[in-house]
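This report refers to the structure that appears directly beneath it.
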Amino acid sequence: MRPIRLLSLVCFTVFLGAVNLEAQALKDIPAGGIPLRRITIYSSGVSFFEHSLTLSGPAILKLPFKTAALNDALKSLLLNDPASAFPLISYFPEQGLPAILRSLALDLSGNPGMAEILGNLRGEELEVLAPGPIRGRIMALEYRRAADGGPAEPWLSLLSPQGIRLLNLAGIGSFRFINEGLNADLERALDLIMASRNSQTRELTITLPGEGSRPVSVSYVIPSPVWKVSYRLDMGKGANARFQGWAIVDNDSDEDWRNVELSLAAGRPVSFIQNLYPPYYLNRPTLPLAIAGSAAPVTWDSALYAEAEDNAPRQAAKSSAPRQAQRAAAAASGLPPVPSPVPVTGADMADQFSFTLDTPVNLDRRTSAMFPLADGEISARKFLIFSGAGQGIHPSVGAELSNTTGLRLPAGPVTVYDGGSYAGDALLEFFNLGEKRLISWGEDLSVTGVLTDSSTRIVTGVSIIDGVMTISRRQVYEKKYRFKNAGLEAKTIIVEHPIIQDAVLAEPGNYDEATAAAYRFIRELPAGAAGEMELLVREEVPLSERITLLSLRPETLLSYSTSREIPAAVRASLARAVELRRNVEDAENARAETETRKNAQAAEQDRIRKNLEAAGNTSPQGQEYLRRLTSLDTEIDRLNGELEHRRGEVQEAQAVYETYLRGLNF
């Protein structure tokens, strides 16, 4: 059986190189392989390649890929052969050469010498052809010191029909193995070693068993350089400007592109790499043999429930047992948990669009080229552009472009020419059909702009309902733009004013354009002595504040009652509320003063009792203490009554205050 070579000597960088075919039929395929017919380069870092030809009979296709591209090739390779019902794709696994060499009957994995090779083949039959024919089985290989005292030399022991023969390995001119399987493995090992000299490439071997003449194509997606685009804009003197677009393409492969249909696609498709090339193994826990081991001692508690009552607890215990066993087995295995698949999350996919060049492309390997993408006139209106989002004192020189090219243009740099000379560079974002877009490429030093801003807050209304005061305000933001034109020509300027979130444009009454983040106002800027212009932009944000009056601190309530922002009628009502609140505070102060006096009398009473205990109640001093205790008791009783009255006054004042606030309605 003819061995299938797993690697190719063809050096292949990223793209598919020349595809070699090894047909099992007599028909031979030319060295050109499958011609490269079509390429689509995407802006997401991959390219689509398609090769096709007409085959006759069964064949073997060998596709060399750079190792870094194999994951994508395995993920995307598409084979179209109508006559092959069961094609086979095989490949040399990652770092598999040593393992394959070790699996052969003749192991060349460690770059062994001839003495080591023969020493590992004890028992094999060998036929020595020179210096003389000898046939025998290998017994051993040993080293003997040379007769002249030189280094030891390998000697081979053969068991021949004439007896054991000893041969100096250095004197053997040629030999062969009698075992044809061993010879086949030797040839295969040498083929593998030769093919693996380029460690950067691997082959996919496609076996096509189909019969008859038929068209065959192979396509795939692999990593590639992103195609780039650059534009040129010649402003000219009229309303139209000349617009050119160029695509920059890199062929970093080891294959020349000849008469290839080239398409350039732009968009944001989901694209990712999955590790399909190397073998993937899962960690599995090691469980003890079910037949081995002994039972652990168990103690049993006495039953506390009847059968019906105990049913639920026993079911719960039974359901948790497998989980406990799983956790114990995982812990005993000493292996890390099997990782969960990494979720892959893609961005929203925009519509892709492509440019297909009308003329087939020829591009040598490892070279780059520029191909025309667009060339024609587009509408271009020249403006000065001033942004209120932190721009300097000079407005930008720019233009408003209208995409009338008939193409959706990807983002790229724009080199601008004006008046027949270079004017500057600009950046163009994705430019859709019929869309208008501003670009800028420099600053106009003859025009200066000054921006001042301010903000104020104005009360627009106050209402009180059921003790809740609502204050309506308007936050006003103003930006004033002032421009002076020192040039000799009048100019048109676009003022781009950033939009404040939730604000309403109050002045000017309208705008010329708006983006998601800014208003645009187009104004004429005269020249000379009258070359000044001013633009005031005012935005207003409505605000509302709800205040529960009963929760206000006295000083806060007082501040509202004296604020000039509050209407006079509301201020008067709040002033009355301040008076009622002060009544509550006065009543509370009187209650606190009475309670302080009572506490002082009680403390004095405790002191006299202690003195009475020390002096005795029969002594003259003790009699004086008894008289004073009687007087203190009378005073404390009176203060208790006064304190109760003060508490009532506090409650009454608080009730009047709360009733008044809840009854306010404006």
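Points to keep in mind about this one:
- Basic side chains Lys and Arg get +1 at the Cβ, acidic Asp and Glu get -1 at the Cβ, and with that the dipole of segment 554-662 about its Cα centre reaches some 140 debye.
- Calculated diffusion of segment 118-178, Stokes-Einstein form, Kirkwood radius summed over Cα pairs, 10 °C and 1.306 mPa s, µm²/s: 135 µm²/s
- A straight line joining the Cα centroids of segment 641-666 and segment 71-134 runs 103 Å.
- Förster-model FRET efficiency, 60 Å R0, Glu624 and Arg564, C-beta, rounded to 0.05: 0.35
- Cα gyration tensor shape for segment 569-633, rounded if a/c is under 1.5, else prolate or oblate: prolate
- Inter-probe distance in nm under a simple model that places probes 7 Å from Cα toward Cβ, at Glu429 and Phe86: 5.7 nm
- Simple spin-label estimate for Ala527 and Thr286 in nanometres, 7 Å along Cα-Cβ: 9.0 nm
- Its relative contact order, with pairs defined as Cα atoms under 8 Å and 6+ residues apart, puts segment 118-178 at 35 percent.
- Under Karplus coefficients 6.51, -1.76 and 1.60, residue-wise ³J(HN,Hα) of segment 600-607 in Hz, glycine/proline x: 5, 5, 5, 5, 5, 4, 5, 5
- Modelled spin-label separation between Arg474 and Thr367, with each label point placed 7 Å from Cα along the Cα-to-Cβ direction: 7.1 nm.
- Highest to lowest packing among 449-458, 58-67, scored as the average C-beta count within 10 Å: 58-67, 449-458
- Taking only alpha carbon atoms, segment 353-510 gives an Rg to Rh ratio of 1.18, where Rh is the Kirkwood radius.
- Cut-off under 5 Å, modelled amide H: who pairs with Asp254 long-range: Thr13, Val14, Phe15
- Stretched out straight at 0.36 nm per residue, the stretch from Thr67 to Thr448 would grow longer than its current Cα-Cα span by 131.3 nm.
- Packing-based exposure ordering (other Cβ within 10 Å, fewest first) of Trp246, Trp227: Trp246, Trp227
- FRET efficiency for the pair Ala130 and Ala99, taken as 1/(1 + (r/R0)^6) with r the Cβ-Cβ distance and R0 = 25 Å, rounds to 0.10.
- As a proxy for reagent exposure, His497, His51 were ordered by neighbouring Cβ count within 10 angstrom, fewest first; the result is His51, His497.
Each reported figure results from applying straightforward, stated rules to the coordinates on display, with no laboratory input. Please read these numbers as outputs of a predicted model, since none were measured by experiment. Because the Cβ atoms are built from the backbone with ideal geometry, glycine has one as well, and the counts that use them run over all protein chains shown.
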